[in-house]
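What follows is a single structure, written as structure tokens, with notes after it.
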Amino acid sequence: MRFLKAFGQFWYDFIIGDDWKIAVAVVLSLVVLFAAMTAGVFGDTGLTLLGGALIVVAFSISLAIDVRPKKR
Amino acid sequence: MDAATWGLIVATFVACFVEMVEATTIVMAMGYTRSWKSALVGTFAALGALAVVTLAAGYALANWLPESALQLAIGGLLLIFGLQWLRKAILRSSGRKAVHDEDAIYREEVEAAKAAGESKGGLDLFAFMVSFKGVFLEGMEVVFIVLTFGLNADNIPGASLGAAAAVVIVLGIAIALRRPLSMINENLLKYGVGLLLASFGTYWAVEGIGIFRDGRESLDWPGHDLMILVLIAAWLLLSRIFVAVLRKPAVPAPVLAGDIPVEVKK
């Protein structure tokens, strides 16, 4: 059990790192892109540009959450 | 050699260089304070384990996954790594996170080594384990970057060449200087690697979403590979905007020598 926990912790640290919001931002962007692709509203050019924009926006939001002023 | 191959070699060289500097600091701290023999045995054991992981993962990725799935899986992970590095670079450049300091890391490792007490027997287990863990963890990221760049560019030898050159150069500098490599501007290098990983990661992860459509064909970026340059420029511009917006104003009060900026919540 301890080995499994340590194994899981290693991969969590390796992939997710010290800010889980980045991983969530990437996954959410790709999920939205997948939904747009399934809806069939864009061609490849539209989808790739949308994907790039989604990732940029998601990263910006995660960074904004990081540096927001803390409530007293 | 064409421009793409040179780009591949430079990308893997810089990424590996940064990770090697960090691993070398840990091994040197163990070597000088505990036992060089145990630190080096730990280092070579970790390098052996990394070689096995590289071969196994490389074979599995190259042979079992369709191209678009490969792009999505490793592009997505590369993107996460790249954005983590970019986030830290932005926070450090804007004064919101302590700057990476190899001297401070070396001192911490030395103190931990002294506090661990004397070892009994031939092999110093503390030095062995710390060196093994340090080299293995830093090396895993390099392995991943080499595999990702190498497989996507269909040039594993080129990517490996970049990484191997970094290993040789960092080891050469460390042996010549015999002290932590704190003179290297690691933060700037990490910024550059973060930009590269974020750009290539964006490109491949978005392409790889095509695995879920009929025919499992990758999405096609306008301008194809040239779009990577546009993505690098876009991430650079965005990061500079963030640094400018987030930069903390200089504090007029006197600052003590050991003070470091307050680290943001991780």
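Annotation note: of B:I228, B:I241, B:I211, the sole residue that is among the hydrophobic types (A, V, I, L, M, F, W, C), at pLDDT 85 or above and touching a Pro at 6+ places or on another chain (Cβ under 9 Å) is B:I211. Figure legend. Inter-residue proximity from the range A:28-52: first residues farther than 21 Å from B:W235 by Cα, second residues among the basic types (K, R), beta-carbon distance below 9 Å, spacing 6+ or different chains. Indicated pairs: A:M37/B:R213; A:T38/B:R213.
Only residues that are at negative phi and either more than 27 Å from the chain's Cα centre (by Cα) or free of Cβ contacts under 8 Å to residues at least 60 places away in the same chain (or both) were counted across the range B:205-215, and they come to 5.
Taking A:D13, is it acidic (D, E), crowded, with 16+ Cβ neighbours inside 10 Å and assigned to a helix (DSSP H, G or I)? Walk me through it before giving the result.
Numbers: acidic (D, E): yes; crowded, with 16+ Cβ neighbours inside 10 Å: no; assigned to a helix (DSSP H, G or I): yes.
The answer is no for A:D13.
Against the conditions (1) modelled with pLDDT under 95; (2) facing another protein chain (nearest Cβ under 9 Å); (3) within 17 Å of B:G82 (Cα to Cα), A:D44 satisfies every one except (3).
Quick test of your reading of the structure: B:A104 fulfils all but one of (1) modelled with pLDDT of 80 or more; (2) in a helix (DSSP H, G or I); (3) closer than 30 Å to B:L197 by Cβ; (4) out of contact with any Asp or Glu (no Cβ under 7 Å at 6 or more places or on another chain). Name the failing condition by number. Evaluating B:A104 over (1) modelled with pLDDT of 80 or more; (2) in a helix (DSSP H, G or I); (3) closer than 30 Å to B:L197 by Cβ; (4) out of contact with any Asp or Glu (no Cβ under 7 Å at 6 or more places or on another chain) leaves (1) as the failure. In the range B:216-226, the count of residues that are within 9 Å of another protein chain (Cβ to nearest Cβ), outside any helix (DSSP H, G or I) and free of Cβ contacts under 8 Å to residues at least 12 places away in the same chain is one or more.
Residue by residue, here is whether (1) surrounded by fewer than 18 Cβ atoms within 10 Å (Cβ to Cβ); (2) more than 14 Å from chain A (Cβ to nearest Cβ); (3) at pLDDT 85 or above holds:
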site	(1), (2), (3)
B:L47	yes, yes, yes
B:T54	no, yes, no
B:Y59	yes, yes, no
B:P66	yes, yes, no
B:Q84	no, no, yes
B:A98	yes, no, no
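The values are calculated or read from the model by the stated rules, or taken from the named source; none is laboratory data. Source: prediction; values computed, not measured. Neighbour counts run over all protein chains shown; Cβ positions are idealised from the backbone, glycine included.
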